[in-house]
Structures are given as C-alpha cells and as structure tokens.
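Encoded as structure tokens, the structure appears first; notes follow it.
The values are calculated or read from the model by the stated rules, or taken from the named source; none is laboratory data. What you see is a predicted model; the values in this text were computed from it and never measured. Note that each Cβ is placed from the backbone with ideal geometry, even for glycine, and that neighbours are counted across all protein chains shown.
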C-alpha cells in the first residue's frame, strides 16, 4: 500500500471546520428537532399574509356571529373552517397566530441583533482600552445586570408608553449588558494572543485590530448567547404584552393573543389562549433546543 | 471589608437617585394623572383645584425637589388614587408577595433538588433523560401561559368533567390569619389552596434551574477523591449521597437561590396579575396602567434598595462560604 490515493482516509473529502460543525450539529436528534421547530416558526412568520386563511386585521371581513366558535367550526357563510376556533371578535385563531408569530419573532430578533451590536462595541472597547474606561463601562453593566430584566423593561415601558418601537427600545436596553459582558470576557482572552501582538507590531489602527481581527474570534460564544437571548426576548415581549404594557391592540403579538383569551378562559373557551401559547412555546423550545446543542458544538474545547 | 460595604451602599444611593429622577421625569412626560382621576365632565376650575392640591401645577424640577425633600424625610407622597401614603400601601402588600415568593422557593427546592441529584447520579437512565427534557420545558414554556393553563385545567376543565374533583381557587388569597399584624395565607387550609396554583406557576422556572444546577454539581462532585474515599471506607450509598455529596451541592444551590430570589419577587408581578394575588406586583401594574406616579416611584425606591441589599448579602455570604473569594478585589 504505497499509493496514498487508495487510503480511504485521504480519499475522503477535506473536512472544513464549518462542515464538521454542521455534521456535529445534525448528529443530535433533539437539536435537529429544535431546528425544525425554528424553521417552521420562521416560515409561518415570513409567509403569514400568503398562508393565512383570513386577514385578521381586516375588520370588515369578520362575521360577528362566528365569535368564540370552537375549533373545527365551519364559518357562517360556509366559506372556511376555523381549524383553531375564533376569538371574541370572531377572528380566525390560526390566521391571528400566524400574524402574531410574525410580530413576536420580528420584535425578538431585531432587539437581539441591535443589543448584540451595542454589546459588541461596548465589550470590545472596554477590553481593548482597559483601565478607567473599562472599569466605568463594566460598572454600568454590573448595575444593569443586578436588576431583573422584566422589572427594568416594565419601568422603561411605564415611561415610554405603548408601541412596537417602544418595546424594541426597552428590550434592547435590558439586553445589551449581557452581550457587553460576554464580548469583553471573550476579547480579554483574545487580547493576549500572538496574532493581536503581531497586528500591533504592524502598527494597524486600534479599530482595525479590534473589529477586523479580534471580533471574528469572539463571535462563536456570542452567537450561542444570542440564540438563548433570542428565546428570552420573545418570552419577555410576550410577558410584557400580556401585562398590557407591550405591543398595541392593533398589532397583536402572540403574548397579546394569549392575554385576550384570558377573559374567556373561565367560561371554558380555552382555545383563544391555548393555541397562541402552543405557538409561542414551539418557537421558544425550538430556539432553546437548537441553541443548547449549538453551545456544545461551538465549544472551543471541541474545535481542534 | 467595611470600605467595600460603604462603597456598595454609596453606589446604591446613586443608582436610587438617578432611577427616581428618570422615572419621575418619564412619567411626568407621558400622562396627566388628573385626567385619569376625575370625571371627564369636570370643569377646568375643578381640575385646576385638584392640580393645586396635588402640587402638580409647579414646574417639574420644583416637583422633583419637593419629592426628594419629602422622600428624605421618609414621606413618598400619597397615592393619587387610594389617597393613602404610597409607602404604606406598598408595605401593606409586601408580605403577600414575600409569602408567594417563599412558597415557590420552597416548592422548587423540594422538587428540583431530588430530581437534579437523581439525574446526576444516574445520568443514562430514561428517568434522568425525561427530567432533563422536562427542565428544558420549564425554561421554555412562557410562564404566564403555564399559569393560565393551570387555571384552565384545575379550576375549569377537571372540576367540570369529574364531579368529585375539587375546584382549585384561581384568584385572591383566601382566608388569612393575622400574625404580629401581618396577614398570612399559608396557615389556613383555604389560604393554602389559594396559594397552590400561583406558587406552582412561579416555581417552574427556578425549579428547572435548580434541576440543572444540582445535576451539574453532582456530576462534578462524584468523581472526586473524597467520594471515592468514602466508598472505599464502605459507607452506605445513602450516607455518601445524603451527607458528602449533598453538602457540596448546597453551596452553589444556596447562592443561586439567593440571587434568584430577587428574580422571583420581580417575576411575581406576572403571577400576581394572573391570579389576582394582592401583592406589590399587582399594585405596580395597576399603578403603571393608571399613572399613579407616587406609587410607581416609591415601589422603585424600595425595589432598588431590596436588590442592592440582596446582592450585598449574597456577596458577603459567598465570601463566608468560600474563603477563596476576596471582596476587596471585586469591589475595586
């Protein structure tokens, strides 16, 4: 056996780190299940206007006689079946859930991306600058993190008032500190590595060293935190909307739909808050399962 | 040590002043409390009179100075709606929230700890895997929705379907007993029944956290030398787990329970709203929705104080439990 090409190991396609990550990820059935749930939720959110049987925002299209129909009822005009029932305003629950998922996922992902961006800038600057600036920034982060997110968001919204933009501001303000702390600790490790020293010797500008060289190496751990924060952000928005300080009634997120169903719960119309909750749980569980395994896959100890 | 405590307290004072100013200014901007309080057909003259009695006709910075002056004398103003001192209103309702929080803490420890230790001792049994999957559900299921579903199942569906099934109460505190002037629910059977569903709802998240923490620590402790030594000595398994392993699990559990206690009190806002539990959380939500500024600001001052005190106590306790932790270096 002198011919190297006959060696089965050498003949296998070269494994890039990315490919190994993907194959590692798909080894775990639970993680794949989570990913399927995430894709399903994202699909429903993206294509809500095209796959919904009814436009829940079109008041004129609603037939008040169909209010509070149980799941599986055929509508009064015989045109459609309410597979998940209708709410108090005779809105088809399935359509309302599709549109609600759109709002919930949008608010969650936009707030996490913005908070991630702010956190990266603050954390990397603190780690690279060090000294007084570092101490000052981290003190602010400490203070932010010493209060529960729900409470800070609640107080902020009591000041800002209702609206999707206000909810986004509140969510970004309560989340950036997590990312700032994580980015700083990841950057502190990178800072002492040789490639940073080399870049410094080449007299590259500080911003280039920080954002072009250190940042890509900090990203894996930040991505893991971002997935878990996304699940928390969606849950937090739902909670705030449930409490009546989140999104307005005209743009019901899943939390708002659950809240609307609350008043009908005791009279036995369970489906109005049951199904939106299931949809919310599917999205959050999917993200958590996939994120949980992503952490194991992206763990630096596994990266050879 | 003393320097550390003083520095932390000064920092807390600064946070309280900044937060109260922000909230004061913010709530000042968004709404006119007078519009919420008196009937819409009151004359402008009557409105003006109400404004003057509440001191709302002064410019904002004067109002804030009046508020700060009063606050330093322990007076946080009267609730616009109830007419009672805001601080008194909050203290009156704090025991209900604490009772709920302690009940859920006890519940999550009683259920989470044994499950977590079991999952740590036998990581590959189907039972352990079910527990770990269940803990992900505990993290993921939206807490307020679980509360609603518990109401649906135990207060509506099951009693409707099965005649002998007891209908669990879904709102209020039930009968209370006065102990040293504080009303407590858990001493009466009726109160306990009322406490059950809210406490379960509130304990889910923390229970899941304790399961994961207990499992991770148990797996860390099991391969250590002193456990091997205890086995070699021929100690019974129950003694090894019950004494030697459990003791070491308790340190992180105690820390996290302490830190999470604040989270529980904060999250009680949601549980109290669902179950109409008459605690501070419900008071806060009602006050925010009705722009009752003195109550919101007073709540904020108390809660900031509460959290700073809690964090300080946990930090100090940690240095006692684990001598390797040095406070001075963390304080600077």
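Scan segment B:208-257 residue by residue and report those that are over 35 Å from the mean Cα position of the chain (by Cα) and touching a residue at least 12 places away in the same chain (Cβ under 8 Å). Step through it out loud before you land on a result.
First pass over segment B:208-257, keeping only residues over 35 Å from the mean Cα position of the chain (by Cα): B:223-237.
Answer for segment B:208-257, where residues must be over 35 Å from the mean Cα position of the chain (by Cα) and touching a residue at least 12 places away in the same chain (Cβ under 8 Å): B:226, B:227, B:230.
Restricting to helices (runs of 4 or more DSSP H) lying wholly in segment B:97-201: which have 1 or more residues that are within 29 Å of residue B:215 (Cα to Cα) and within 14 Å of another protein chain (Cβ to nearest Cβ)? Lay out the reasoning, then the answer.
Values: elements: B:126-140, B:143-151, B:158-161.
Where helices (runs of 4 or more DSSP H) fall fully within segment B:97-201 and carry at least 1 residues being within 29 Å of residue B:215 (Cα to Cα) and within 14 Å of another protein chain (Cβ to nearest Cβ), they are B:126-140, B:143-151.
Could you run through segment B:12-40 and say how many residues are more than 14 Å from every other protein chain (Cβ to nearest Cβ) and either modelled with pLDDT of 70 or more or touching a strand residue (DSSP E or B) at 6+ places or on another chain (Cβ under 9 Å) (or both)?
To start, the set of residues in segment B:12-40 that are more than 14 Å from every other protein chain (Cβ to nearest Cβ) comprises B:34-35, B:37-40.
Cutting the leftovers down to either modelled with pLDDT of 70 or more or touching a strand residue (DSSP E or B) at 6+ places or on another chain (Cβ under 9 Å) (or both) gives us none.
Qualifying residue count for the region: 0.
Return yes or no: is residue B:285 without any contact (Cβ under 8 Å) to a residue 60 or more places away in the chain and either buried (at least 23 other Cβ atoms within 10 Å of the Cβ) or closer than 23 Å to residue B:16 by Cβ (or both)? Show your work before the answer.
Details: without any contact (Cβ under 8 Å) to a residue 60 or more places away in the chain: yes; either buried (at least 23 other Cβ atoms within 10 Å of the Cβ) or closer than 23 Å to residue B:16 by Cβ (or both): yes.
So residue B:285 passes the test.
Conditions tested, residue by residue: (1) part of a helix (DSSP H, G or I); (2) at pLDDT 85 or above; (3) in contact with a helix residue (DSSP H, G or I) (Cβ under 9 Å, 6 or more places away or on another chain); (4) within 14 Å of chain A (Cβ to nearest Cβ).
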{"site": "B:207", "(1), (2), (3), (4)": "yes, yes, yes, no"}
{"site": "B:210", "(1), (2), (3), (4)": "yes, yes, yes, no"}
{"site": "B:213", "(1), (2), (3), (4)": "yes, yes, yes, no"}
{"site": "B:242", "(1), (2), (3), (4)": "yes, no, no, no"}
{"site": "B:251", "(1), (2), (3), (4)": "yes, no, yes, no"}
{"site": "B:258", "(1), (2), (3), (4)": "yes, no, yes, yes"}
{"site": "B:262", "(1), (2), (3), (4)": "yes, no, yes, yes"}
{"site": "B:266", "(1), (2), (3), (4)": "yes, no, yes, yes"}
{"site": "B:283", "(1), (2), (3), (4)": "yes, yes, yes, yes"}
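For segment A:245-304, give me the residue count where each residue is within 15 Å of the chain's Cα centre (by Cα) and over 23 Å from residue A:227 (Cα atoms).
0
If residue A:163 passes every condition in (1) within 30 Å of residue B:295 (Cα to Cα); (2) more than 10 Å from chain B (Cβ to nearest Cβ); (3) surrounded by 17 or more Cβ atoms within 10 Å (Cβ to Cβ) but one, which one does it miss?
Evaluating residue A:163 over (1) within 30 Å of residue B:295 (Cα to Cα); (2) more than 10 Å from chain B (Cβ to nearest Cβ); (3) surrounded by 17 or more Cβ atoms within 10 Å (Cβ to Cβ) leaves (3) as the failure.
Kindly check whether there is at least one residue in segment A:119-140 that is within 23 Å of residue B:24 (Cα to Cα), within 14 Å of chain B (Cβ to nearest Cβ) and either modelled with pLDDT under 90 or surrounded by fewer than 18 Cβ atoms within 10 Å (Cβ to Cβ) (or both). Walk me through how you get there before you give the answer.
From segment A:119-140, those within 23 Å of residue B:24 (Cα to Cα) are A:140; that's our starting set.
With the extra rule that they be within 14 Å of chain B (Cβ to nearest Cβ), the set shrinks to A:140.
Still in the list and also either modelled with pLDDT under 90 or surrounded by fewer than 18 Cβ atoms within 10 Å (Cβ to Cβ) (or both): A:140.
Yes, segment A:119-140 contains at least one residue that is within 23 Å of residue B:24 (Cα to Cα), within 14 Å of chain B (Cβ to nearest Cβ) and either modelled with pLDDT under 90 or surrounded by fewer than 18 Cβ atoms within 10 Å (Cβ to Cβ) (or both).
Can you tell me which of A:223, A:234, A:228 is under 26 Å from the mean Cα position of the chain (by Cα), surrounded by fewer than 21 Cβ atoms within 10 Å (Cβ to Cβ) and within 14 Å of residue A:108 (Cβ to Cβ)? I'd like the intermediate steps shown before the answer.
Values: A:223 fails: within 14 Å of residue A:108 (Cβ to Cβ); A:234 fails: surrounded by fewer than 21 Cβ atoms within 10 Å (Cβ to Cβ).
Step by step, each of A:223, A:234, A:228 is checked, and only A:228 is under 26 Å from the mean Cα position of the chain (by Cα), surrounded by fewer than 21 Cβ atoms within 10 Å (Cβ to Cβ) and within 14 Å of residue A:108 (Cβ to Cβ).
Return only the number of the condition from (1) surrounded by fewer than 18 Cβ atoms within 10 Å (Cβ to Cβ); (2) over 19 Å from the mean Cα position of the chain (by Cα); (3) within 30 Å of residue B:283 (Cα to Cα) that residue A:158 does not satisfy.
(1)
How do the pairs read when you match residues in segment A:213-236 that are modelled with pLDDT of 90 or more with residues anywhere that are outside any helix (DSSP H, G or I), using Cβ under 8 Å and keeping only pairs 6 or more apart or on different chains?
Every condition considered, the pairs that remain are A:235/B:142.
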